[in-house]
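**Student:** One structure, as structure tokens, below. Some questions next.
Derivation of every value follows stated rules applied to the coordinates shown; laboratory data play no part. Note that this is a predicted model, so its numbers are computed, not measured. Counting neighbours? That spans all protein chains shown, and the Cβs are built from the backbone with ideal geometry, glycine included.
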């Protein structure tokens, strides 16, 4: 009887953990405030969340989740724990450099030689 109870208990706990993994809240790291980053991201406390916001203001929007590693105190392990929670909306596409019109070299007009009468 104890084995059956232990098996049922394990199955219920596994089901709860699996459902919570699928229901993970997501956060846009380019628009969220520090309080939201602190609440949603695993291993990110108030000071790291504030560091993310400061980095974003100084350097512009994050283009990938891996770019969070540039923020002091955030490593790749923390990014991997949160990869399914991170959204990157609000990133403006990179502006294509304007094509300059090719410089035209001045064309020297050659004087036509007068036609000789034969």
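**Student:** In nm, give the distance between the simple-model label positions of residue 80 and residue 33, each being 7 Å from the Cα along the Cα-to-Cβ direction.
**Tutor:** Once both label points are built, they end up 3.4 nm from each other.
**Student:** Looking at the square roots a ≥ b ≥ c of the eigenvalues of the Cα gyration tensor of region 27-90, which shape do they give, rounded for a/c under 1.5, prolate if a/b is larger than b/c, or oblate?
**Tutor:** rounded
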